[in-house]
Amino acid sequence: TDFLIVAWYVPCLASLETLQELCRKENLRCKSIGITNRSLKSYEVEYLCDYKVEEGTEYYLVKWKGWPESSNTWEPQKNLKCPLLLQNFLSDKNEYLSRVKEGKALKVRNHVKALKPAVADYIVRKAKQRIALQRWKEELNRKKNHRGMILVENTVDLEGPPLDFYYINEYKPAPGINVINGITTGCECSDCPAEKCCPKEAGFILAYNKKKKLKIQPGLPIYECNSFCRCGPDCPNRIVQKGTQYSLCIFRTNNGRGWGVKTLQKIKTNSFVMEYVGEVITSEEAERRGQLYDNQGNTYLFDLDYDSDEFTVDAARYGNVSHFVNHSCDPNLQVFNVFIDNLDLRLPRIALFSTRTIKAGEELTFDYQMKGSIDLTSDSADGLSPSRKRIRTVCKCGAVCCRGYLN
């Protein structure tokens, strides 16, 4: 007897609702995702798609959660118990109309009032975007290992989460690169900083004051106590390693700069804000990728040039919140090199500290020229070989002292 085997290939990142839609569409049961005989016919409003009035009764086209769009149905408003979704529907409708400057949302045809197709299409796309951004926010907060929360916001356009970005909390080294050099010793302080504390052993002063704020000048390195130190987690010389303490929001900018990051809390001067993490690659590989990124108008390469220019951090595909921080020629964040469990001068960790008090709701920025990349003015670019010439990216930071270009 011949058997027909049907194999399902489902993306590993598919949402629960997508998997439920597949099961319901094929009339399959799967207890692990909540599709049983009892729940196979359960209905919950996911979002509202359209609106019409027939014989004096208002109807909304409903997309049911966990059901394919082919199962959408028109339901009278009196049966809908979803005030937030109704509010989102009306808000999205008014937003679209205000943008296209149309006077009325409803048009009379054969005594039937209905939304224009373009309005309904926008409302559906906005609803799908809202759901996608909510899922992305939940994913980011599951993956992050620091105290601060991550929010996501887009009130500007229909752009959803980036398709090829993966959140990480620490460096992702390329094959052959070791970002942990096997340090086996630490300070013996019972109350840091003492005479033999980590910074002094390295020939530098402690980077922080008693209020755990930065007290050194830009250009000087930070040596924090490591995992072999005798001091505990409350040691005043453990700041960067504790991660971001502030709740931050990844938001869509309204002036063509893509995504940006703003703080949801007040940040005092000289406070640690976040690390810049990504793939650690060789400078040769960075040069190859840089040509591609310049053609795309992106800037994600951060040269680790504290002691040499052997390695670069690439945050294009793998990174944390810092991936979305925009450039400014007048920034409120400053770059510092940090050494904790790896004392290899070629591989510092990159920390961003506030240069002044930053108000809640203010966008976070740093100067991309701090990365150690070459400032290609027209004069210097002419002296480079064709393979080294870079496409210059126009700066949109809006600062009074704007240099005009990112590179």
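Below, the figures for the structure above:
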{"item": "Residues that are in a loop (DSSP other than H, G, I, E, B), surrounded by 14 or more Cβ atoms within 10 Å (Cβ to Cβ), more than 17 Å from the chain's Cα centre (by Cα) and at negative phi, drawn from the stretch 269-308", "result": "S271, D305, Y306"}
{"item": "Looking only at the stretch 326-373, and only at residues there that are buried (at least 17 other Cβ atoms within 10 Å of the Cβ) and among the small types (G, A, S), the one that is farthest from the chain's Cα centre (by Cα)", "result": "S373"}
{"item": "Hits in the stretch 71-94 (condition: open to solvent by 40 Å² or more (accessible area, probe 1.4 Å), outside any loop (DSSP other than H, G, I, E, B) and either touching a residue at least 12 places away in the same chain (Cβ under 8 Å) or among the basic types (K, R) (or both))", "result": "T73, W74, E75, Q77, K78, L85"}
{"item": "Filtered residues of the stretch 158-199 (kept if assigned to a loop (DSSP other than H, G, I, E, B) and of a type in the set (S, T, Y))", "result": "Y171, T184, T185, S190"}
{"item": "The listed residue being touching a Lys or Arg at 6+ places or on another chain (Cβ under 8 Å) and more than 19 Å from V335 (Cα to Cα), out of G186, G203", "result": "G186"}
{"item": "Tabulated pairs, the stretch 46-69, first free of Cβ contacts under 8 Å to residues at least 24 places away in the same chain, second open to solvent by 60 Å² or more (accessible area, probe 1.4 Å) and part of a loop (DSSP other than H, G, I, E, B), C-beta under 9 angstrom, 6+ apart or interchain", "result": "E55/H111; V62/Y43; W64/Y43; W64/E44"}
{"item": "Hits in the stretch 332-354 - residues which are in contact with a Ser or Thr (Cβ under 7 Å, 6 or more places away or on another chain) and more than 13 Å from M274 (Cβ to Cβ)", "result": "D341, R346"}
{"item": "Which listed residue, of K266, K262, is open to solvent by 50 Å² or more (accessible area, probe 1.4 Å) and assigned by the TED database to the domain that holds P348", "result": "K266"}
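Yes/no matrix, rows are residues, columns are (1) touching a Pro at 6+ places or on another chain (Cβ under 7 Å); (2) under 30 Å from D157 (Cα atoms); (3) at pLDDT below 95; (4) not basic (K, R):
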position: C235; (1), (2), (3), (4): no, no, yes, yes
position: V240; (1), (2), (3), (4): no, no, no, yes
position: I250; (1), (2), (3), (4): no, yes, no, yes
position: N255; (1), (2), (3), (4): no, yes, yes, yes
position: N270; (1), (2), (3), (4): no, no, no, yes
position: E279; (1), (2), (3), (4): no, yes, no, yes
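The values are calculated or read from the model by the stated rules, or taken from the named source; none is laboratory data. Note that the coordinates shown come from a computational prediction; the quantities given were computed from them, not determined experimentally. Every residue, glycine as well, gets a Cβ built from its backbone with ideal geometry; the counts of neighbours run over all protein chains shown. Just so you know, the surface numbers come from the protein's heavy atoms only, side chains and all, with ligands and any DNA or RNA stripped out. Shrake-Rupley method; radii C 1.70, N 1.55, O 1.52, S 1.80 Å.
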